[in-house]
1. Suppose a student asked you for the relative contact order of the chain, using Cα pairs under 8 Å spaced at least 6 residues apart; what percent would you report?
2. Which aspartates and glutamates have a Cα less than 14 Å from the Cα of Lys85, not counting those fewer than 8 places away in the same chain?
3. Say a paramagnetic label sat at a point 7 Å from the Cα of Gln163, along Cα to Cβ; which residues of segment 110-146 have their backbone N under 18 Å from it?
4. Can you show me the helix-derived [θ] at 222 nm for the chain, built from DSSP H runs with n ≥ 4 at -39,500 (n - 2.57) apiece and divided by the number of residues, rounded to the nearest 500.
5. Does segment 48-90 come out rounded, prolate or oblate by the C-alpha gyration tensor, with a ≥ b ≥ c the root eigenvalues, rounded set by a/c under 1.5 and, if not, prolate when a/b is larger than b/c and oblate if not?
6. Any idea what angle helix 47-62 forms with the longest principal axis of the chain, computed on alpha-carbon atoms, 0 to 90 degrees, nearest 10?
7. Loop only per DSSP, at most 13 neighbouring Cβ atoms within 10 Å: give me the GluC sites (Glu not before Pro) in segment 83-169, ordered by residue number.
8. Output the 0 to 90 degree angle, nearest 10, between the alpha-carbon long axis of helix 22-38 and the longest principal axis computed from the alpha carbons of the chain.
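The values are calculated or read from the model by the stated rules, or taken from the named source; none is laboratory data. What you are looking at is a predicted structure, and each value in this text was computed from that prediction instead of being measured. All Cβ positions, even for glycine, are placed from backbone atoms using ideal geometry, and neighbour counts span all protein chains on display. These area figures cover heavy atoms from the full protein model, side chains too; ligands, DNA and RNA do not enter into them. Shrake-Rupley method; radii C 1.70, N 1.55, O 1.52, S 1.80 Å.
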Amino acid sequence: MKILNCFLNISDNNMNLDKYNDDDLIDLYPKLLDQLKTRGIIRTRNIIGELGEYIAKREYKNNPKLPELQLNLSSTKNIDATSIKGERYAIKSTSTKITGVFPSIPTEDDGVVYFEYLILVIFKKDYSLSEIYELTWKEFLRFRKMKPPENKFNLPVTNELKQTARKII
């Protein structure tokens, strides 16, 4: 409990966790998750995905050149947010060189546009924000790859993709 009190009363960004025992650190994690949920930063247990959605929404809202986004229900297929103009956005987050799969995008090309834009939120290995990119549906189709054994598409984060996509941050 002492680590939680220290965490909640912190006045600067320097927090030394070395002096706390293992049990205190373990006890902090569920309390931190609960606080993130209470504040509406995360909605599910997919921490990286939820943080990516929250950060994307925040960055789009804070940039007057970008549309404001409203997050959809977490159960909405294929799209995570909608702009005030009605444009559909998928949001993927990663801390590696590849995204997770797009489970609802069919493997056969059916000619359907499932979202207008994909926001790619890239975290560093320590989960701090690195970059954000925006791709169009056509750019997504160009760079997507099939991931075995799931036989679902994912998106490798390559230099070519970064050069093609619109860099937000």
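1. Numbers: 248 pairs, mean separation 24.6, N = 169.
About 15 percent, as a whole number.
2. Glu68, Glu116
3. 133-136, 139-140, 142-144
4. -9500 deg cm²/dmol
5. Oblate shape, in that a/c is at least 1.5 and b/c is the bigger or equal ratio.
6. Result, in degrees: 80.
7. Passing both the DSSP loop test and the Cβ count: Glu108, Glu150.
8. 50
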